[in-house]
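Q: Next up is a structure, given as C-alpha coordinates.
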Amino acid sequence: MHLINLRMKFTKKIILLFIGFILSCQSSIQIDQSENIDLPTGYFQTSYGRIAYYIQGKGTNLVLLHAAGHDHKDFDAILPELIKRYRVISIDWPGHGNSIWTNEKEISATAFPALLKEFLEGKEIKNSIILGNSVGGYSALQLAIDNPKLVKALILVDTGGMNDLDLFSKAFITLKSYRWFTYFIWNKFPSYYMKVENEYTQLILHRIQKLKENKLAIQTNSSIWKSFLDENYNLRGLVSKIKQPTLIIWGSKDPVIHPRFGIELQDLIKNSELKTMEVGHLPFAENPDEFMNLLTDFLIQKNL
(Lines give C-alpha, C1' and ligand atoms only; values in the text may rest on other atoms or scores of the structure.)
Protein backbone atom coordinates (compact mmCIF):
# COMPACT_ATOMS: atom_id res chain seq x y z
CA MET A 1 0.00 0.00 0.00
CA HIS A 2 2.86 2.34 0.88
CA LEU A 3 4.46 1.64 -2.51
CA ILE A 4 1.19 2.37 -4.33
CA ASN A 5 0.83 5.69 -2.49
CA LEU A 6 4.39 6.64 -3.43
CA ARG A 7 3.69 5.82 -7.08
CA MET A 8 0.51 7.90 -7.04
CA LYS A 9 2.32 10.87 -5.51
CA PHE A 10 5.12 10.53 -8.04
CA THR A 11 2.66 10.32 -10.94
CA LYS A 12 0.80 13.43 -9.73
CA LYS A 13 4.05 15.38 -9.54
CA ILE A 14 5.08 14.31 -13.02
CA ILE A 15 1.69 15.26 -14.46
CA LEU A 16 1.81 18.68 -12.79
CA LEU A 17 5.31 19.26 -14.13
CA PHE A 18 4.18 18.20 -17.60
CA ILE A 19 1.17 20.53 -17.54
CA GLY A 20 3.36 23.38 -16.37
CA PHE A 21 5.79 22.72 -19.17
CA ILE A 22 3.28 22.66 -22.00
CA LEU A 23 1.55 25.75 -20.64
CA SER A 24 4.88 27.55 -20.77
CA CYS A 25 5.28 26.78 -24.48
CA GLN A 26 4.71 29.94 -26.46
CA SER A 27 4.00 30.31 -30.15
CA SER A 28 3.61 33.70 -31.80
CA ILE A 29 0.95 33.00 -34.40
CA GLN A 30 0.45 35.66 -37.04
CA ILE A 31 -1.88 34.23 -39.63
CA ASP A 32 -3.63 35.63 -42.64
CA GLN A 33 -7.26 35.21 -41.62
CA SER A 34 -8.24 34.75 -45.27
CA GLU A 35 -6.72 31.26 -45.27
CA ASN A 36 -7.91 29.16 -48.21
CA ILE A 37 -10.70 26.72 -47.48
CA ASP A 38 -10.71 23.46 -49.43
CA LEU A 39 -14.01 22.15 -50.71
CA PRO A 40 -14.20 18.35 -50.65
CA THR A 41 -14.13 16.45 -53.91
CA GLY A 42 -17.03 14.51 -52.43
CA TYR A 43 -18.46 12.69 -49.43
CA PHE A 44 -18.71 8.98 -48.70
CA GLN A 45 -21.05 7.49 -46.13
CA THR A 46 -19.52 4.74 -44.00
CA SER A 47 -21.20 2.83 -41.19
CA TYR A 48 -19.36 5.12 -38.77
CA GLY A 49 -19.93 8.49 -40.37
CA ARG A 50 -19.74 10.65 -43.47
CA ILE A 51 -16.22 11.03 -44.83
CA ALA A 52 -15.10 14.12 -46.72
CA TYR A 53 -12.43 13.26 -49.26
CA TYR A 54 -10.16 15.27 -51.53
CA ILE A 55 -8.55 14.02 -54.75
CA GLN A 56 -5.84 15.77 -56.76
CA GLY A 57 -3.32 14.66 -59.37
CA LYS A 58 -2.99 11.57 -61.54
CA GLY A 59 -1.05 8.33 -61.29
CA THR A 60 -0.62 5.73 -58.56
CA ASN A 61 -2.98 6.22 -55.63
CA LEU A 62 -1.39 7.82 -52.56
CA VAL A 63 -3.66 8.12 -49.51
CA LEU A 64 -2.92 10.67 -46.76
CA LEU A 65 -4.15 10.04 -43.20
CA HIS A 66 -3.86 12.77 -40.57
CA ALA A 67 -3.48 12.73 -36.78
CA ALA A 68 -6.19 13.11 -34.13
CA GLY A 69 -7.30 16.71 -33.64
CA HIS A 70 -6.00 17.68 -37.08
CA ASP A 71 -7.36 17.53 -40.65
CA HIS A 72 -6.34 16.83 -44.25
CA LYS A 73 -4.69 20.25 -44.59
CA ASP A 74 -1.81 19.08 -42.39
CA PHE A 75 -0.21 17.87 -45.63
CA ASP A 76 -0.45 21.18 -47.52
CA ALA A 77 3.32 21.68 -47.36
CA ILE A 78 4.05 18.53 -49.39
CA LEU A 79 0.88 18.29 -51.49
CA PRO A 80 2.13 20.37 -54.48
CA GLU A 81 5.05 17.99 -55.01
CA LEU A 82 3.02 14.83 -54.44
CA ILE A 83 0.35 15.65 -57.01
CA LYS A 84 3.00 15.98 -59.73
CA ARG A 85 3.45 12.20 -59.69
CA TYR A 86 0.52 10.68 -57.81
CA ARG A 87 -3.23 10.65 -57.52
CA VAL A 88 -3.40 11.96 -53.98
CA ILE A 89 -6.45 11.09 -51.89
CA SER A 90 -6.76 12.74 -48.49
CA ILE A 91 -9.60 12.43 -46.01
CA ASP A 92 -10.84 14.02 -42.82
CA TRP A 93 -11.44 11.46 -40.09
CA PRO A 94 -15.01 11.54 -38.68
CA GLY A 95 -15.37 14.41 -36.24
CA HIS A 96 -12.54 16.27 -38.00
CA GLY A 97 -12.56 18.84 -40.79
CA ASN A 98 -15.62 18.33 -42.97
CA SER A 99 -16.39 14.77 -41.82
CA ILE A 100 -18.97 13.77 -39.22
CA TRP A 101 -19.35 10.81 -36.87
CA THR A 102 -22.89 9.38 -36.99
CA ASN A 103 -22.47 6.01 -35.28
CA GLU A 104 -24.35 5.68 -31.98
CA LYS A 105 -21.21 4.36 -30.30
CA GLU A 106 -18.57 6.71 -28.89
CA ILE A 107 -15.96 7.68 -31.46
CA SER A 108 -12.84 5.53 -31.24
CA ALA A 109 -9.53 5.40 -33.07
CA THR A 110 -9.94 1.63 -33.33
CA ALA A 111 -12.86 2.17 -35.73
CA PHE A 112 -10.76 4.18 -38.19
CA PRO A 113 -9.19 1.22 -40.06
CA ALA A 114 -12.61 -0.32 -40.72
CA LEU A 115 -14.13 2.90 -42.04
CA LEU A 116 -10.99 3.47 -44.12
CA LYS A 117 -11.51 0.04 -45.70
CA GLU A 118 -15.16 0.90 -46.43
CA PHE A 119 -14.12 4.14 -48.09
CA LEU A 120 -11.33 2.66 -50.21
CA GLU A 121 -13.43 -0.28 -51.38
CA GLY A 122 -16.49 1.89 -51.94
CA LYS A 123 -14.54 4.32 -54.13
CA GLU A 124 -12.59 1.48 -55.78
CA ILE A 125 -9.26 2.88 -54.59
CA LYS A 126 -6.96 -0.13 -54.79
CA ASN A 127 -3.28 -0.96 -54.48
CA SER A 128 -2.46 2.35 -52.81
CA ILE A 129 0.54 3.85 -51.11
CA ILE A 130 -0.75 4.75 -47.64
CA LEU A 131 0.90 7.60 -45.73
CA GLY A 132 -0.29 7.94 -42.14
CA ASN A 133 0.74 10.18 -39.26
CA SER A 134 0.09 9.24 -35.62
CA VAL A 135 -3.41 7.70 -35.46
CA GLY A 136 -3.32 7.79 -39.26
CA GLY A 137 -0.24 5.56 -39.09
CA TYR A 138 -2.04 3.16 -36.77
CA SER A 139 -4.91 2.99 -39.27
CA ALA A 140 -2.47 2.33 -42.12
CA LEU A 141 -0.83 -0.49 -40.16
CA GLN A 142 -4.13 -2.15 -39.32
CA LEU A 143 -5.32 -1.83 -42.92
CA ALA A 144 -2.15 -3.49 -44.21
CA ILE A 145 -2.49 -6.31 -41.68
CA ASP A 146 -6.17 -7.03 -42.39
CA ASN A 147 -6.45 -6.05 -46.07
CA PRO A 148 -3.01 -6.34 -47.68
CA LYS A 149 -4.42 -6.21 -51.22
CA LEU A 150 -5.47 -2.60 -50.65
CA VAL A 151 -1.95 -1.53 -49.73
CA LYS A 152 0.97 -1.24 -52.15
CA ALA A 153 3.39 0.42 -49.71
CA LEU A 154 3.37 2.14 -46.32
CA ILE A 155 4.77 5.48 -45.20
CA LEU A 156 4.53 5.59 -41.40
CA VAL A 157 5.18 8.96 -39.78
CA ASP A 158 5.50 9.06 -35.97
CA THR A 159 2.87 6.36 -35.99
CA GLY A 160 0.59 5.15 -33.23
CA GLY A 161 -0.37 1.56 -32.53
CA MET A 162 2.82 0.37 -30.82
CA ASN A 163 1.50 0.65 -27.27
CA ASP A 164 4.00 -0.04 -24.53
CA LEU A 165 2.75 2.50 -22.04
CA ASP A 166 4.56 3.41 -18.85
CA LEU A 167 2.78 4.71 -15.77
CA PHE A 168 3.10 8.33 -16.81
CA SER A 169 1.78 7.71 -20.35
CA LYS A 170 -1.26 5.87 -19.02
CA ALA A 171 -1.91 8.65 -16.51
CA PHE A 172 -1.68 11.35 -19.18
CA ILE A 173 -3.90 9.49 -21.65
CA THR A 174 -6.44 8.97 -18.87
CA LEU A 175 -6.40 12.70 -18.14
CA LYS A 176 -6.67 13.50 -21.86
CA SER A 177 -9.82 11.38 -22.05
CA TYR A 178 -11.57 13.95 -19.84
CA ARG A 179 -13.11 16.83 -21.75
CA TRP A 180 -12.15 19.45 -19.16
CA PHE A 181 -8.47 18.51 -19.45
CA THR A 182 -8.55 18.39 -23.24
CA TYR A 183 -10.11 21.86 -23.21
CA PHE A 184 -7.57 23.09 -20.64
CA ILE A 185 -4.50 22.20 -22.76
CA TRP A 186 -6.12 22.60 -26.20
CA ASN A 187 -4.17 25.66 -27.37
CA LYS A 188 -0.81 24.68 -25.89
CA PHE A 189 -0.52 20.94 -26.54
CA PRO A 190 0.12 21.20 -30.33
CA SER A 191 2.84 23.80 -29.66
CA TYR A 192 4.43 21.24 -27.36
CA TYR A 193 4.60 18.38 -29.86
CA MET A 194 5.49 20.41 -32.98
CA LYS A 195 9.08 21.52 -32.44
CA VAL A 196 9.57 23.77 -35.48
CA GLU A 197 7.73 27.03 -36.04
CA ASN A 198 7.18 27.92 -39.69
CA GLU A 199 4.32 29.03 -41.92
CA TYR A 200 2.90 25.51 -42.16
CA THR A 201 2.97 24.69 -38.45
CA GLN A 202 1.53 28.13 -37.69
CA LEU A 203 -1.41 27.43 -39.99
CA ILE A 204 -1.96 24.06 -38.32
CA LEU A 205 -1.93 25.69 -34.89
CA HIS A 206 -4.32 28.36 -36.10
CA ARG A 207 -6.82 25.78 -37.39
CA ILE A 208 -6.65 23.81 -34.15
CA GLN A 209 -6.97 26.84 -31.90
CA LYS A 210 -10.09 28.01 -33.76
CA LEU A 211 -11.80 24.82 -32.52
CA LYS A 212 -11.24 25.35 -28.79
CA GLU A 213 -14.82 26.52 -28.16
CA ASN A 214 -16.27 23.76 -30.36
CA LYS A 215 -17.72 21.28 -27.86
CA LEU A 216 -17.95 18.53 -30.48
CA ALA A 217 -14.25 18.89 -31.32
CA ILE A 218 -13.33 18.64 -27.63
CA GLN A 219 -15.59 15.61 -27.16
CA THR A 220 -14.20 13.90 -30.26
CA ASN A 221 -10.59 14.43 -29.24
CA SER A 222 -11.05 13.27 -25.66
CA SER A 223 -12.91 10.14 -26.83
CA ILE A 224 -10.17 9.27 -29.31
CA TRP A 225 -7.51 9.64 -26.64
CA LYS A 226 -9.54 7.38 -24.37
CA SER A 227 -9.44 4.71 -27.08
CA PHE A 228 -5.62 4.78 -27.07
CA LEU A 229 -5.86 2.61 -23.94
CA ASP A 230 -7.92 0.00 -25.83
CA GLU A 231 -6.03 -3.28 -26.24
CA ASN A 232 -7.08 -3.29 -29.92
CA TYR A 233 -4.97 -0.16 -30.43
CA ASN A 234 -1.84 -2.20 -29.75
CA LEU A 235 -0.58 -3.80 -32.96
CA ARG A 236 2.83 -4.77 -31.61
CA GLY A 237 2.15 -8.49 -31.98
CA LEU A 238 0.72 -8.19 -35.50
CA VAL A 239 2.92 -5.83 -37.52
CA SER A 240 5.38 -8.60 -38.42
CA LYS A 241 2.71 -9.82 -40.87
CA ILE A 242 3.28 -6.75 -43.05
CA LYS A 243 5.21 -7.56 -46.23
CA GLN A 244 4.80 -4.34 -48.22
CA PRO A 245 7.72 -1.93 -48.68
CA THR A 246 7.59 0.37 -45.66
CA LEU A 247 9.26 3.69 -44.96
CA ILE A 248 9.24 4.79 -41.32
CA ILE A 249 9.95 8.47 -40.68
CA TRP A 250 10.23 9.72 -37.10
CA GLY A 251 10.87 13.06 -35.46
CA SER A 252 13.73 12.57 -33.01
CA LYS A 253 12.22 15.33 -30.82
CA ASP A 254 8.69 13.88 -30.75
CA PRO A 255 7.52 14.08 -27.11
CA VAL A 256 4.20 12.31 -27.75
CA ILE A 257 5.28 9.03 -29.39
CA HIS A 258 8.87 8.25 -28.47
CA PRO A 259 11.36 7.61 -31.32
CA ARG A 260 12.22 4.21 -29.81
CA PHE A 261 8.90 2.96 -31.19
CA GLY A 262 10.19 3.68 -34.69
CA ILE A 263 13.24 1.52 -34.02
CA GLU A 264 11.07 -1.29 -32.68
CA LEU A 265 8.73 -1.01 -35.67
CA GLN A 266 11.62 -1.30 -38.10
CA ASP A 267 12.80 -4.44 -36.30
CA LEU A 268 9.33 -6.00 -36.57
CA ILE A 269 8.58 -5.15 -40.23
CA LYS A 270 11.13 -6.99 -42.38
CA ASN A 271 10.79 -4.94 -45.56
CA SER A 272 11.17 -1.56 -43.84
CA GLU A 273 13.64 1.24 -43.35
CA LEU A 274 13.77 3.98 -40.72
CA LYS A 275 14.72 7.62 -41.21
CA THR A 276 14.83 10.23 -38.46
CA MET A 277 14.49 14.00 -38.62
CA GLU A 278 15.36 16.69 -36.07
CA VAL A 279 11.71 17.66 -35.60
CA GLY A 280 8.66 16.82 -33.51
CA HIS A 281 5.42 14.95 -34.21
CA LEU A 282 4.64 16.31 -37.72
CA PRO A 283 7.85 16.00 -39.80
CA PHE A 284 6.15 16.75 -43.15
CA ALA A 285 4.99 20.16 -41.89
CA GLU A 286 7.99 21.00 -39.72
CA ASN A 287 10.60 20.37 -42.44
CA PRO A 288 8.79 19.61 -45.70
CA ASP A 289 11.90 19.77 -47.91
CA GLU A 290 13.81 17.16 -45.93
CA PHE A 291 10.70 15.02 -45.61
CA MET A 292 10.11 15.07 -49.38
CA ASN A 293 13.75 14.17 -50.05
CA LEU A 294 13.45 11.10 -47.82
CA LEU A 295 10.08 10.15 -49.28
CA THR A 296 11.14 10.67 -52.91
CA ASP A 297 14.32 8.61 -52.48
CA PHE A 298 12.25 5.73 -51.06
CA LEU A 299 9.58 5.89 -53.76
CA ILE A 300 12.17 5.94 -56.55
CA GLN A 301 14.20 3.16 -54.94
CA LYS A 302 11.10 0.96 -54.66
CA ASN A 303 9.85 1.95 -58.14
CA LEU A 304 6.57 3.23 -56.71
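The values are calculated or read from the model by the stated rules, or taken from the named source; none is laboratory data. Keep in mind it's a predicted model, so treat the numbers as computed, not measured. Cβ: placed from backbone, ideal geometry, glycine included. Neighbour counts: every protein chain shown.
Q: Looking only at the stretch 264-304, filter to residues that are free of Cβ contacts under 8 Å to residues at least 60 places away in the same chain and touching a Pro at 6+ places or on another chain (Cβ under 6 Å); which one of those is nearest to Thr246 (Cα to Cα)?
A: Among those that are free of Cβ contacts under 8 Å to residues at least 60 places away in the same chain and touching a Pro at 6+ places or on another chain (Cβ under 6 Å), it is Asn271.
Q: Report, ordered by the first and then the second residue, all pairs with beta carbons closer than 6 Å, sequence separation of six or more or different chains, a first member in the stretch 39-53 that is at positive phi and part of a loop (DSSP other than H, G, I, E, B), and a second member that is of a type outside the set (Phe, Trp, Tyr) and modelled with pLDDT of 95 or more.
A: Partner pairs satisfying both residue conditions: none exist.
Q: What are the pairs, 6+ residues apart or on separate chains, where a residue within the stretch 236-261 that is closer than 17 Å to Asn133 by Cβ has its Cβ under 6 Å from a residue that is crowded, with 23+ Cβ neighbours inside 10 Å and small (Gly, Ala, Ser)?
A: Ile248/Gly262; Trp250/Gly262; Gly251/Gly280; Lys253/Gly280; Asp254/Gly280
Q: Leu238 is checked against (1) out of contact with any His (no Cβ under 9 Å at 6 or more places or on another chain); (2) crowded, with 16+ Cβ neighbours inside 10 Å and fails just one. What number does that condition carry?
A: Result: Leu238 fails condition (2) only.
Q: Scanning the stretch 60-86 for residues that are among the acidic types (Asp, Glu) and closer than 17 Å to Ala109 by Cβ, which turns out surrounded by the most Cβ atoms within 10 Å (Cβ to Cβ)? Let's see the steps before the verdict.
A: The first filter runs over the stretch 60-86 and keeps only residues among the acidic types (Asp, Glu), leaving 71, 74, 76, 81.
Checking which are closer than 17 Å to Ala109 by Cβ leaves us with 71, 74.
Numbers: Asp71: 22, Asp74: 26.
It comes out as Asp74.
Q: Out of the stretch 168-191, which residues are under 14 Å from Ile224 (Cβ atoms), surrounded by fewer than 16 Cβ atoms within 10 Å (Cβ to Cβ) and of a type in the set (D, E, K, R)?
A: Within the stretch 168-191, Arg179 is the sole residue that qualifies.
Q: Follow-up. Do you know which residues across the stretch 149-167 are surrounded by 15 or more Cβ atoms within 10 Å (Cβ to Cβ) and of a type outside the set (A, V, I, L, M)?
A: Residues satisfying the conditions are Lys152, Asp158, Thr159, Gly160, Gly161, Asn163.
Q: Taking into account only those residues within the stretch 192-220 that are closer than 28 Å to Asp289 by Cα and among the charged types (D, E, K, R), which is surrounded by the most Cβ atoms within 10 Å (Cβ to Cβ)?
A: Taking the stretch 192-220 as the starting set, the residues that turn out to be closer than 28 Å to Asp289 by Cα are 192-210.
Now narrow it down to the ones that are among the charged types (D, E, K, R): 195, 197, 199, 207, 210.
Details: Lys195: 21, Glu197: 15, Glu199: 13, Arg207: 18, Lys210: 12.
So the residue we want is Lys195.
Q: For the stretch 97-106, how many residues meet the condition of being surrounded by 15 or more Cβ atoms within 10 Å (Cβ to Cβ) and either among the charged types (D, E, K, R) or closer than 13 Å to Asp38 by Cβ (or both)? Break it down into steps so the answer makes sense when it comes.
A: Quick first cut of the stretch 97-106, residues surrounded by 15 or more Cβ atoms within 10 Å (Cβ to Cβ) only: 97-101.
Subset that is either among the charged types (D, E, K, R) or closer than 13 Å to Asp38 by Cβ (or both): 97-99.
Of the residues in that region, 3 qualify.
Q: Pairs under 9 Å by beta carbon, first residue free of Cβ contacts under 8 Å to residues at least 40 places away in the same chain in the stretch 112-139, partner aliphatic (A, V, I, L, M) and surrounded by fewer than 20 Cβ atoms within 10 Å (Cβ to Cβ), six or more apart or different chains?
A: Listed by first residue and then by second, the contacts come to Pro113/Ile145; Lys117/Leu150; Glu121/Leu150.
Q: I need a count of the residues in the stretch 132-170 that are assigned to a helix (DSSP H, G or I) and of a type outside the set (Phe, Trp, Tyr).
A: Pass one, the stretch 132-170, residues assigned to a helix (DSSP H, G or I): 135-146, 148-150, 167-170.
In the following step, the residues that additionally are of a type outside the set (Phe, Trp, Tyr) were identified as 135-137, 139-146, 148-150, 167, 169-170.
Total meeting the criteria: 17.
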